[in-house]
Every structure is written in structure tokens, then in C-alpha cells.
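A.B. asks: The structure that follows is given in the form of C-alpha cells.
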Amino acid sequence: MSKLKVFRVTGEIRKPNLETPFRKEVLAAKPEHAVEKVYAEIGSKHRVKRCHMKILKVEEVSPEEIENPILKKMVAGE
């Protein structure tokens with residue numbers, strides 16, 4: 001199994017009367033997996049379809065740059 005890394009996915013939700021930016025950190029093996037995870041999480045929590053989400057950037061985050069306190073603890077515990 002490949003080692004999981006932390007990725008920061010940046011994008012925006014675009015609906016006809018709404019344009020909301022988002023930035024989410026997730027654990028994933030590859031950038032493609034991180035994007036899928038973000039689509040699934042935002043879609044389920046905010047009832048937004050994939051066609052209304054635009055991913056602008058996916059970047060790997062070093063352990064020192066992690067902003068999410070839960071992810072920070074998980075990575076430090078490895």
C-alpha cells in the first residue's frame with residue numbers, strides 16, 4: 001500500500017446565484033484521489049453536484065504547513 005500524504009485542494013462552488021471559494025486538506029495517496037475525496041465530502045455535506053464545483057489547485061502539503069489540527073495530529077502520530 002502506498003503511503004498517504006496530505007493534499008490541499010483549492011476551488012470554488014459555482015451556482016447561478018452563488019460563488020463560494022473553498023480550501024480543504026485531505027489524506028490521500030495521489031492528487032487524483034484527493035480531488036475525488038473533496039468532491040464526495042463537499043457534495044454530501046453541502047448538497048453540491050460535481051458540475052457546480054471547480055477545482056483550481058491541488059498541492060501536497062508538508063507536515064509543518066498543515067492547517068487542519070486533526071490531520072496535523074494524525075500525521076505527527078505516524
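The values are calculated or read from the model by the stated rules, or taken from the named source; none is laboratory data. Quick caveat, the model's predicted, so the values are computed rather than measured. We place every Cβ from the backbone using ideal geometry, glycine too, and count neighbours over all the protein chains shown.
A.B. asks: Looking only at residues that are of a type in the set (A, V, I, L, M) and under 24 Å from Lys73 (Cβ atoms) in region 18-27, which one is surrounded by the most Cβ atoms within 10 Å (Cβ to Cβ)?
C.D. replies: Among those that are of a type in the set (A, V, I, L, M) and under 24 Å from Lys73 (Cβ atoms), it is Val26.
A.B. asks: Find all pairs meeting these conditions: Cβ atoms under 6 angstrom apart; at least six residues apart or on different chains; first residue within region 57-76 and closer than 23 Å to Gly11 by Cβ; second residue surrounded by fewer than 16 Cβ atoms within 10 Å (Cβ to Cβ) and among the β-branched types (Val, Ile, Thr).
C.D. replies: Within 6 Å, the pairs are Lys57/Thr10.
A.B. asks: Would you point out which residue out of Lys54, Lys15, Lys45, Lys3 is closer than 25 Å to Lys72 by Cβ and either of a type in the set (A, V, I, L, M) or touching a residue at least 24 places away in the same chain (Cβ under 8 Å) (or both)?
C.D. replies: Lys3
A.B. asks: Could you figure out which of (1) of a type in the set (A, V, I, L, M); (2) surrounded by 14 or more Cβ atoms within 10 Å (Cβ to Cβ); (3) modelled with pLDDT under 95 isn't true of Ala76?
C.D. replies: (2)
A.B. asks: Within region 9-17, is even one residue among the charged types (D, E, K, R) and within 12 Å of the chain's Cα centre (by Cα)?
C.D. replies: The answer is yes, given that some residue of region 9-17 is among the charged types (D, E, K, R) and within 12 Å of the chain's Cα centre (by Cα).
A.B. asks: Of everything in region 1-29 that's small (Gly, Ala, Ser) and not in a strand (DSSP E or B), which residue is modelled with the lowest pLDDT?
C.D. replies: Top of the filtered list is Ser2.
A.B. asks: Given the residues Lys30, Lys5, which is the only one that is over 9 Å from the mean Cα position of the chain (by Cα), under 16 Å from Glu67 (Cα atoms) and either surrounded by 12 or more Cβ atoms within 10 Å (Cβ to Cβ) or small (Gly, Ala, Ser) (or both)?
C.D. replies: Testing whether each residue is over 9 Å from the mean Cα position of the chain (by Cα), under 16 Å from Glu67 (Cα atoms) and either surrounded by 12 or more Cβ atoms within 10 Å (Cβ to Cβ) or small (Gly, Ala, Ser) (or both) leaves just Lys5.
A.B. asks: If you don't mind, there's one more thing I want to ask. Determine which member of the set Glu36, Glu32, Glu59 is of a type in the set (D, E, K, R), modelled with pLDDT of 95 or more and either touching a Pro at 6+ places or on another chain (Cβ under 6 Å) or not in a helix (DSSP H, G or I) (or both).
C.D. replies: Glu59
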